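Input: a single structure, listed below in structure tokens.
The values are calculated or read from the model by the stated rules, or taken from the named source; none is laboratory data. Computed from a predicted model, the values in this text were never measured in an experiment. Positions of Cβ are backbone-derived with ideal geometry, glycine not excepted, and every protein chain shown enters the neighbour counts.
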Amino acid sequence: MNETKTLRQINQTLKTTRRIIQGYEKIGLVRPCGLNKYGHLLYDQKTFDRIVEIRFYQKIGFGLKQIKDFIDRPEDEKRSILIAKRKDLLNDISVLEERHKTLNEIITCNNRENISELMLKIIKEDR
């Protein structure tokens, strides 16, 4: 027997909201499999797993349109997309580490001219 979950159960389990799941439904990422006797939306395990996957992709920085474009691709294509995302995240980490270093320099600097130069350094970054 295929076990189903209500929208409320999914939201409690995944710490989401009704609007988040409705947003997924609106753009066609998921849909309920039916209603229970009280009229509450029901989702099967496959849909629950898909919501988990969508939430994961969002947490690592993908937008819903991007997710919609690649979620149903073959696993090798998704793997390539994830490898590229990992590279982007590593670059983001490097940028943030550099900003953190500069911020520490600003905090400990007593010379206003040096502070301005350090701030300008961050402003001129490509990102």
Out of region 8-45, which residues are surrounded by 15 or more Cβ atoms within 10 Å (Cβ to Cβ), among the aromatic types (Phe, Trp, Tyr) and over 17 Å from the mean Cα position of the chain (by Cα)? 43
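Yes/no matrix, rows are residues, columns are (1) of a type outside the set (S, T, N, Q); (2) free of Cβ contacts under 8 Å to residues at least 40 places away in the same chain; (3) part of a loop (DSSP other than H, G, I, E, B):
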residue: 8; (1), (2), (3): yes, yes, no
residue: 19; (1), (2), (3): yes, yes, no
residue: 24; (1), (2), (3): yes, no, no
residue: 47; (1), (2), (3): no, yes, no
residue: 62; (1), (2), (3): yes, yes, yes
residue: 67; (1), (2), (3): yes, yes, no
residue: 83; (1), (2), (3): yes, yes, no
residue: 95; (1), (2), (3): yes, yes, no
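Scan region 48-104 for residues that are polar (S, T, N, Q), outside the structural domain of residue 29 (by TED's automatic domain parsing) and either in contact with a helix residue (DSSP H, G or I) (Cβ under 9 Å, 6 or more places away or on another chain) or surrounded by 14 or more Cβ atoms within 10 Å (Cβ to Cβ) (or both) and report the count.
At the first step, the residues of region 48-104 found to be polar (S, T, N, Q) are 58, 66, 80, 91, 94, 102, 104.
Remaining after also requiring outside the structural domain of residue 29 (by TED's automatic domain parsing): 80, 91, 94, 102, 104.
From what's left, either in contact with a helix residue (DSSP H, G or I) (Cβ under 9 Å, 6 or more places away or on another chain) or surrounded by 14 or more Cβ atoms within 10 Å (Cβ to Cβ) (or both): 102.
Looking only at that region, the number is 1.
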Being modelled with pLDDT of 95 or more and in a loop (DSSP other than H, G, I, E, B) is the requirement here; does residue 28 meet it? yes
